[in-house]
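Have a look at the structure below before the remarks.
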Amino acid sequence: MIEWFTTIAIIVSLIAGLAALVLGGIGRKPDDYSVLPTAAVALVLLVQIVIGIVAPFVGNEPTGDLVEWWIYLVTALVLPLASIAWALVDRTRWATVVMGVASLAVAVMLYRMQQIWFVQGLPIG
């Protein structure tokens with residue numbers, strides 16, 4: 001279940017990042033609707049926290065370091081929340097670009113988290 005959800009979270013982050021970069025590229029300033037994709041990324045990460053707490057108890061333990069996984073998750077959650085807060089305060093097109101970059105950075109972090117959970121620590125060969 002966690003692999004499936006993490007893959008969906010990566011896709012949501014990529015779409016939100018690209019949408020925000022396009023909106024910033026055409027000069028659109030952030031409004032209440034343009035922050036929704038980045039807010040969706042934050043919501044997906046909150047669900048990921050619940051899954052990360054429950055998964056080891058139902059037998060889906062990570063193959064890598066769990067502490068590293070949690071550090072990535074907390075950092076990934078801070079990025080979209082901080083970029084949304086800045087976008088709502090600043091209201092310039094660059095704030096929209098920052099939301100896009102933050103969402104793309106979250107996609108990379110989620111990919112690394114997926115590697116930690118499923119690949120890292122497995123014997124090679």
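Descriptive notes on the structure:
- Asn60 versus Val101: modelled label distance in nm, points set 7 Å from Cα along the beta carbon direction: 3.4
- Length added when fully stretched, Ile51-Lys29, from 0.36 nm per residue minus Cα-Cα: 4.5 nm
- Residue-averaged 222 nm ellipticity for the chain, from DSSP H runs of 4+ at -39500 (n - 2.57), nearest 500: -26500 deg cm²/dmol
- Anisotropy class of region 1-40 from Cα gyration tensor, a/c 1.5 cut: oblate
- Pairs of alpha carbons in region 19-125 whose separation is greater than 22 Å (percent): 38
- Counted residue by residue at 0.36 nm each, then reduced by the alpha carbon distance between them, the extension gain from Val74 to Val22 reaches 16.0 nm.
FYI, it's all coordinate maths here, none of it is from the lab. All of these numbers come straight from a predicted model, not from anything done at the bench. Note that we place each Cβ from the backbone using ideal geometry, even for glycine, and neighbour counts take in every protein chain shown.
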